[in-house]
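The structure appears right after this line, and notes come after that.
The values are calculated or read from the model by the stated rules, or taken from the named source; none is laboratory data. Because the structure is a prediction, the values reported are computed rather than measured. A quick note on method: Cβ atoms are made from the backbone with ideal geometry, for glycine too, and the neighbour counts reach across all protein chains shown.
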Amino acid sequence: MASPSRWDARLLARVGRLPTTRADVWLRRLSTFADHGKLWLVLGALIGTQPGQLRRAAVRGIGSLAVSSALVNVVLKRVFRRVRPDLAEVSDSRTLRRSPHTLSFPSGHSASAAAFATGLALESPVAGALVAPIALGVGYSRVHVGVHYPGDVAAGMAVGGAVALATQHWWRVRPTTPARVRTSFVAPALPEGEGLVIAVNPRSGREDYDPAADIAELLPRAEVLEMSEEAGVAELLGEAARSGRVKALGVAGGDGSVAAAAAVALEYDLPLVVIPAGTLNHFARDVGVATPPEAVAAVTSGAAVRVDVAEVNGTPFLNTASIGSYPEMVRRRDRLSGRMGKWAALTVAAAQVLRHGTPVDVELNGQRVKAWIVFIGNGCYMPRGLSPAWRPRLEDGLLDVQYLRADLRFGRTRAVLATLLGVSEHARSYREFQVPELRVRLLSGPQQVAYDGETGETTTEFVFRKREQLTVYAQR
């Protein structure tokens, strides 16, 4: 049984001798409200109502809390077996109505508080800073009401913070800085969007929001066209480009819509405006256009960059393409992501697909392999493994090829376990290489290619390569 140190006991006694104030009641209430993580679950639910960064922050915070709570209460307390402080000298105005009878070291309340606040701060530093004083208050309240030694609280805070930081092993925090591009390029400055035609996909992003009206207000002299069943992005922008009345093309939608607009912009050698209006906006975030006002600022000033474009059998794509089980994995991820966050959902979806999927026999630039998944990125993606999320560069001239071998003993079990543990990039079955061109031949029958959230043709041969670069409006 672990005993408190002399300093631990002295600090607790010093807190116990503090005069009675109105703060005693509020600290007791704060300590009680944090029982079983209620405080953090309520805050997480409120923060999680906001999409994007705040929702990811809430998911990471609550997930970190759950792991740290289990680690402290199921493992560490039983290892150290320190008993609670004696409440005989604690004022009645401070003591809890129901004193805990569990072991004392480390403090579970403190671990949960630090885990939630740290997880929140990793995704949203502002939200983390706002919650940090509450977390510290919960930790101190446990000493103030006499149920923990200060050392219990310090150890709990350390455990909770460490667990939250460790979540990056499975779910990396996306960098806030845009990917590296070539030296800034000058495109036509279009005051208020004059000479710009924008195709809007009203089905992208939130179901209750159509961005067309906001775009028309931000760029009043631009021509804003909405997609329909009769005319998609390619048809709307292609007609505008052929008319000769435009200086630039624009698109508001998800990655599939952006890829379709990029194909037209390349065909007519026009710069492209990307207004993020989808669910994930991978390309817009990589290029550094996180919000519509940022895109508008680049359009009016004429600031632009040059980025790589890849193609598969002549069809351009900006982000990723895949063959094998990856398209099904992405579909499952999208169904789960609303409940558990994108990268946790991707891990679960990958394990599910690998458990039931069928490998493909394929030649990659003449090398025959048996693989579960073949992933091709337009540029090198990070992190490595089955959770590619962002690119450090958008102009490296390379295709990022990653795949999981299916010809090893217990290969399916290895792949599932490596995926669930977040170490697929370290598994024996994981392989990767980078090339400027990739020729794929399916030996086990036709497969469908998927790219930028869309599905493409089904065939037995694919050629992936880089093509001419695309000019995109973006301020750096």
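Do any helices (runs of 4 or more DSSP H) lying entirely in region 198-294 carry at least 3 residues that are touching a Ser or Thr at 6+ places or on another chain (Cβ under 9 Å) and buried (at least 19 other Cβ atoms within 10 Å of the Cβ), and which ones are they?
Of the helices (runs of 4 or more DSSP H) lying wholly inside region 198-294, those with at least 3 residues that are touching a Ser or Thr at 6+ places or on another chain (Cβ under 9 Å) and buried (at least 19 other Cβ atoms within 10 Å of the Cβ) span 255-267.
Please state which one of Val72, Val79, Val67, Val15 is out of contact with any Cys (no Cβ under 8 Å at 6 or more places or on another chain), free of Cβ contacts under 8 Å to residues at least 60 places away in the same chain and aliphatic (A, V, I, L, M).
Values: Val72 fails: free of Cβ contacts under 8 Å to residues at least 60 places away in the same chain; Val67 fails: free of Cβ contacts under 8 Å to residues at least 60 places away in the same chain; Val15 fails: free of Cβ contacts under 8 Å to residues at least 60 places away in the same chain.
Only one candidate passes the filter, namely Val79.
Give region 390-408 a look and list any residue that's touching a helix residue (DSSP H, G or I) at 6+ places or on another chain (Cβ under 7 Å) and touching a residue at least 24 places away in the same chain (Cβ under 8 Å), or say none.
Once the filter is applied, which keeps residues that are touching a helix residue (DSSP H, G or I) at 6+ places or on another chain (Cβ under 7 Å) and touching a residue at least 24 places away in the same chain (Cβ under 8 Å), region 390-408 yields Trp390, Arg391, Leu394, Leu404, Arg405.
So how many residues does region 35-52 have that are assigned to a helix (DSSP H, G or I), farther than 16 Å from Pro106 by Cα and in contact with a helix residue (DSSP H, G or I) (Cβ under 6 Å, 6 or more places away or on another chain)?
So the first thing to find is which residues in region 35-52 are assigned to a helix (DSSP H, G or I), and the list is 35-47.
Next cut, farther than 16 Å from Pro106 by Cα only: 38-47.
Narrowing further to those that are in contact with a helix residue (DSSP H, G or I) (Cβ under 6 Å, 6 or more places away or on another chain): 39-40, 44, 47.
Summing the residues that are assigned to a helix (DSSP H, G or I), farther than 16 Å from Pro106 by Cα and in contact with a helix residue (DSSP H, G or I) (Cβ under 6 Å, 6 or more places away or on another chain) in region 35-52 gives 4.
Which of the residues that make up region 424-438 are surrounded by 14 or more Cβ atoms within 10 Å (Cβ to Cβ), at pLDDT below 90 and outside any loop (DSSP other than H, G, I, E, B)? Let's see the steps before the verdict.
Here is the first cut: in region 424-438, the residues surrounded by 14 or more Cβ atoms within 10 Å (Cβ to Cβ) are 424-425, 427, 429-435, 438.
After this cut, where a residue has to be at pLDDT below 90 as well, the list is 424-425, 427, 429-432.
Across region 424-438, the qualifying residues are Ser424, Glu425, Tyr430, Arg431, Glu432.
With Asp361, Asp400, Asp396 as the choices, which residue is modelled with pLDDT of 85 or more, more than 21 Å from the chain's Cα centre (by Cα) and either in a strand (DSSP E or B) or not assigned by TED's automatic domain parsing to the domain that holds Arg441 (or both)?
None of the other options fit; the residue is Asp361.
Residues that are aromatic (Phe, Trp, Tyr) and either touching a residue at least 40 places away in the same chain (Cβ under 8 Å) or surrounded by fewer than 24 Cβ atoms within 10 Å (Cβ to Cβ) (or both): list the helices (runs of 4 or more DSSP H) wholly contained in region 91-169 that include at least 1 such residues.
Details: elements: 108-123, 125-144, 150-166.
Filter on region 91-169 gives 108-123, 125-144.
If I ask for residues that are of a type in the set (Asp, Glu), surrounded by fewer than 20 Cβ atoms within 10 Å (Cβ to Cβ) and either assigned by TED's automatic domain parsing to the domain that holds Pro292 or touching a strand residue (DSSP E or B) at 6+ places or on another chain (Cβ under 6 Å) (or both), which ones from region 439-467 would you list?
The one that is of a type in the set (Asp, Glu), surrounded by fewer than 20 Cβ atoms within 10 Å (Cβ to Cβ) and either assigned by TED's automatic domain parsing to the domain that holds Pro292 or touching a strand residue (DSSP E or B) at 6+ places or on another chain (Cβ under 6 Å) (or both): Glu461.
If Arg384 passes every condition in (1) of a type in the set (Lys, Arg); (2) modelled with pLDDT under 80; (3) over 26 Å from Gln469 (Cβ atoms) but one, which one does it miss?
The one condition Arg384 does not meet is (3).
Name the residue, out of Ala115, Ala129, Ala135, that is in contact with a Ser or Thr (Cβ under 7 Å, 6 or more places away or on another chain) and either farther than 19 Å from Ser99 by Cα or of a type in the set (A, V, I, L, M, F, W, C) (or both).
Working: Ala129 fails: in contact with a Ser or Thr (Cβ under 7 Å, 6 or more places away or on another chain); Ala135 fails: in contact with a Ser or Thr (Cβ under 7 Å, 6 or more places away or on another chain).
After applying the criteria, what remains is Ala115.
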